[in-house]
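The values are calculated or read from the model by the stated rules, or taken from the named source; none is laboratory data. Fair warning: this is a prediction, and the values are worked out from it, not measured in the lab. We place every Cβ from the backbone using ideal geometry, glycine too, and count neighbours over all the protein chains shown. Ligands, DNA and RNA are stripped out before the accessible areas are found, and what is left, the full protein with its side chains, is counted by its heavy atoms. Shrake-Rupley method; radii C 1.70, N 1.55, O 1.52, S 1.80 Å.
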Amino acid sequence: MTSSLRRPLLAGNWKMNLTLSQSVDLARTVAEAAGSASGEVALCVPFTAIAAVGAALKGSSVRLGAQDLYWEASGAYTGEVSAPMLVDAGCAMVVVGHSERRKLFGEGDEWVNKKTAAALKAGLTPIVCIGETLDERESQKTWRVLETQIAGGLKGFAPADLSRAVIAYEPVWAIGTGKTASPAQAQEAHLFVRGQLKKLYGEGLAQGMRILYGGSVTADNADSLMAQPDVDGALVGGASLKAESFLRIMRFQRA
Ligand code: 13P
C-alpha cells in the first residue's frame, strides 16, 4: 500500500511549449478540474508564462512551478532566474536537473545540488530529476547511475530541510519516446530510490518523500503506474499539453 504520508502529485512539465493564450486557457481548465483530482496538481511552465498562468490559477489549489533556476539569489548572471525571483512571481515548485538540461546544457550533479539547495532555502519545492539512459540500462548500470545522482544531487542537507523535496524518476529512454517503463520497472526503480534515501537520510525521510514517475505517462497508462506502491505521482510532459489527457491523469484511479 502506498503510504498515506505521501499525497500523490500530478505535475505537468510544459517544457518549451504553448503561447501565452494557450497557456492561460489550459491553466484555467486545469484549475477548474482541480477539485476532482486524485492528488495535488502542479504546472511547471516556461518563465515567460509564469505571471499569466499564476493569474489564471489564482484561487485554485493548483501549484505553480518553473522548470529551472539559478542558485545565486541575484546579481550579474545574464539570462538566469533565481529562486527568490520565482517565489516573488508566485511559484511554489521548480524542476531541477531534468535530463534535457543534463544532456543538452551539460548540467551535472554538482549543479543539481546547488540548485536544490537554493530552491529549498527560498521555500520552493524542488522536483529533482534522476534517471538512466538506454545505454546505461542495457549495460546494467541503472542502479549505479541512480545511486550517484542521488548521492551527488542530494548531498549535505538537513533531513528536515530536504523533506519538502520531491524526486522524479525519469528514465531517459522513456522521455518523449512513447516507450513507458512498465509498472514493474517503475516500481523496482522507485523502491531502489527510496532505499537510497533511507541510506542517506533515514527511514522517516525515505517514507515521507514523494517519488514521481516521468517518461511517456499518458491517460492510458497513468492508472497502472499509479497503482504501484512506491509511485507517488507523475511528472508529465507531452500529455500535459492537452487538457483531455492531463485531466484524465489528474483523475487517475489506482487499479
Ligand atoms: P514525456 O511525458 O513527454 O515523455 O516527458 C516526460 C518528462 O520529461 C517530464 O519531465
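If only residues of the range 100-148 that are within 15 Å of the ligand (Cβ to nearest atom) and assigned to a helix (DSSP H, G or I) are counted, the one that is least open to solvent (accessible area, probe 1.4 Å) is V112. Criterion first (in a helix (DSSP H, G or I), open to solvent by 30 Å² or more (accessible area, probe 1.4 Å) and of a type outside the set (A, V, I, L, M, F, W, C)) does G195 satisfy it? Taking the combined requirement at face value, the residue satisfies it. If we scan the range 69-88, do we find a residue that is within 16 Å of the ligand (Cβ to nearest atom), touching a strand residue (DSSP E or B) at 6+ places or on another chain (Cβ under 9 Å) and not polar (S, T, N, Q)? Checked the range 69-88: at least one residue is within 16 Å of the ligand (Cβ to nearest atom), touching a strand residue (DSSP E or B) at 6+ places or on another chain (Cβ under 9 Å) and not polar (S, T, N, Q). Just wondering, is there one or more residues in the range 200-208 that are touching a residue at least 60 places away in the same chain (Cβ under 8 Å) and away from the ligand (no atom under 14 Å from the Cβ)? Yes - at least one qualifying residue is present in the range 200-208. Checking L9, L18 one by one, the residue that is buried (at least 18 other Cβ atoms within 10 Å of the Cβ), farther than 26 Å from D223 by Cα, of a type outside the set (F, W, Y) and in contact with a Leu (Cβ under 9 Å, 6 or more places away or on another chain) is L18 and no other. Here is a list of conditions, (1) away from the ligand (no atom under 16 Å from the Cβ); (2) part of a helix (DSSP H, G or I), and R7 meets all of them except one; can you say which number that is? Going through the list (1) away from the ligand (no atom under 16 Å from the Cβ); (2) part of a helix (DSSP H, G or I), R7 breaks only (2). Out of A219, A168, report the one residue that is in contact with a Gly (Cβ under 6 Å, 6 or more places away or on another chain) and at pLDDT 95 or above. On inspection, the qualifying residue turns out to be A168. In the range 227-255, the residue that is nearest to the ligand (Cβ to nearest atom) out of those that are part of a helix (DSSP H, G or I) and open to solvent by 10 Å² or more (accessible area, probe 1.4 Å) is G238. Against the test of being on the phi < 0 side of the Ramachandran plot and either within 16 Å of the ligand (Cβ to nearest atom) or surrounded by fewer than 23 Cβ atoms within 10 Å (Cβ to Cβ) (or both), the options S216, S224 yield a single qualifying residue, S224.
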